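First up is the structure itself, then whatever we jot down about it.
Each value in this text was obtained by applying a stated rule to the coordinates, not by laboratory testing. Everything quoted here is computed from the prediction, not taken from an experiment. Every residue, glycine among them, receives a Cβ derived from its backbone with ideal geometry; neighbour counts consider all protein chains shown.
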Amino acid sequence: MKLRLYNARLLPSARASLEEGELLIEDGRIVSVGKPRAGFVADRSIDCGKNLLMSGFCNAHAHAAMCLFRGVADDMTLESWLYDRIFPLEEGLTEEDVYWGTMLQLAEYVRGGITCFADMYFYPAAVLAAAQNAGLCLALCCGSNSEKEDDILADIADFYRLYSTLSDRVRYFPGVHAEYTSTESLLARVADFAAETGAPTYIHLSETLKEVGDCTVRHGGLTPPQFLHKLGYFDNGGLAAHCVYADKDDLALLRQSGVTPVVNGASNLKLASGVAPVASMLRAGMRPALGTDGTASNNAASMFREMYLYACLQKEALKDAAAVTAADALAAATEDGYRALGFAGGVLQEGMFADVVLIDLSSPSMQPLAGVRSNIVYSAGTGDVLMTIAGGKVVYERGRYFLGEPLEKIYSECAARQKRLLRRAGLCR
Ligand SMILES: [Zn+2]
């Protein structure tokens, strides 16, 4: 499939200047940026109407199918949210629930310009099936349902074998949910698996003060990053979601190991967990990625909102309005996420994945245009996305979805499944 997107304003990368021109796409990759190419015969030519073409967003930390639990566990403490609502609901989850929940989440993703996502949840085969329907780029993380150490390790080895060689748009990161849900022996065995395979790992890290305090008590004063470092968990680098309570020493250790923090401002804010030290990360030379976390806690999957919070929470926390810039936020939401997950995307450049979003510059929130980067980060929203292209395929265009399943079916499946899970968990209202 050859696509020609012409009459566009192009933002080639987070820190680049706007240019005018066209973008050519062939077999899922960008083949030309800016200029027309002689002899290129497109299957479809799209007039972009002088609107903005830029990279699609990378949601580097989420649990897509948790969108089945959106709106059923709000305005409660983190402990109550997790133990009284989420865990009982998750006990009833089937593989089909995960498939339909992920499909609903993907609809929201493409509506908001997300073309690549990391997903840490049960039944990775169902998540993969949904992502392949829609054509989004997917990094699967962890994913075992088991509580037995041997079975978790066997699942990780199976998933790694299955998903690492499937396609250049699918990756698998071995890992576990978090230090506080794992034994030392399990973490050490995952570290051994990473050493054997050379794979980077993934984990939730230092999300709350309680998590860090409990870890130091359990492990002779070591913080979660220090403890994982000791076990060799990050010897091949990887990604660590949250890092809200990572201090300077923790950040230095993570940086030295090549670990990318994934910042989830909205989820941390709504669960009152804290504010990630983004300015310290940037000062330490790290390039954090950005994630929405699950929509049971967020509750939106909007990278626009995440970019806004990425910059603004840190400004407020440090009482310094210059602490984090719009360009920092845009880079975290695009190129730095793709880079951390090991995918060839996040910028408009020849040879990169054709993961592209068209943003409506005629929208009042995007006018006037002098500070287009600031407009994207501080004033735009998902409603300003006109079109989303993933792997060279149009997946969303002006209110129409091309996800491999009709939107009405996704909605009715999810409504029925949410009702069943609530009833099963004794949470029907
Ligand atoms: Zn999470």
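Taking the simple approach of a point 7 Å from Cα along Cα-to-Cβ for both THR181 and ALA16, what is their distance in nm?
About 3.9 nm separates the two model spin labels.
Tell me, in nm to one decimal, what length is gained between ASP320 and ASP47 on full extension, where the rule is 0.36 nm per residue of separation less the Cα-Cα distance?
Length gained between ASP320 and ASP47: 94.1 nm.
Between ASP192 and SER374, what's the calculated FRET efficiency when r is the beta-carbon distance and R0 is 45 Å? Round to 0.05.
Calculated transfer efficiency: 0.45.
If we sort 279-289, 13-23 on the protection proxy, mean other Cβ atoms within 10 Å, highest first, what's the order?
279-289, 13-23
Would you please put 57-67, 325-335, 228-238 in order of how densely packed they are, using the mean number of other Cβ atoms within 10 angstrom per residue and starting with the highest?
Going from most to least packed, we get 57-67, 325-335, 228-238.
What is the angle, in °, between the Cα long axis of helix 209-218 and the longest principal axis of the Cα atoms in the chain? Nearest 10 is fine, range 0 to 90.
The angle comes out near 40 degrees.
Hey, fewest Cβ within 10 Å first, where do ARG420, ARG85, ARG44 land in order?
Going from sparsest to densest Cβ surroundings: ARG44, ARG420, ARG85.
Quickly rank 98-104, 362-368 as a protection proxy: mean count of other C-beta atoms within 10 Å, highest first.
Packing order, densest peptide first, comes out as 98-104, 362-368.
What residue among ASP384, ASP75, ASP247 has the largest mean-square fluctuation in a Gaussian network model of the chain, using Cα springs under 10 Å?
Of ASP384, ASP75, ASP247, the most mobile in the Gaussian network model is ASP75.
Using a simple spin-label model with points 7 Å from Cα along the Cα→Cβ vector, what separation in nm is obtained for MET76 and MET1?
Each label point lies 7 Å from its Cα, and together they span 4.2 nm.
At ALA416 and TYR83, where each label point lies 7 Å from the Cα along Cα→Cβ, what is the point-to-point distance in nanometres?
Each label point is offset 7 Å from its Cα along the Cβ direction, giving 3.6 nm.
Please identify, among LYS210, LYS319, LYS248, the residue showing maximal mean-square fluctuation in a Gaussian network model of the chain using a 10 angstrom Cα cutoff.
Of LYS210, LYS319, LYS248, the most mobile in the Gaussian network model is LYS319.
For the chain, what is the calculated [θ] at 222 nm in deg cm²/dmol (nearest 500), taking -39500 (n - 2.57) for each run of four or more DSSP H residues and dividing by its residue count?
My calculation for the chain gives -10500 deg cm²/dmol from helical runs alone.
What is the antiparallel percent of DSSP beta bridges lying wholly in the chain, to the nearest 5?
45 percent
Given Cα pairs under 8 Å that are at least 6 residues apart, what percent is the relative contact order of the chain?
22 percent
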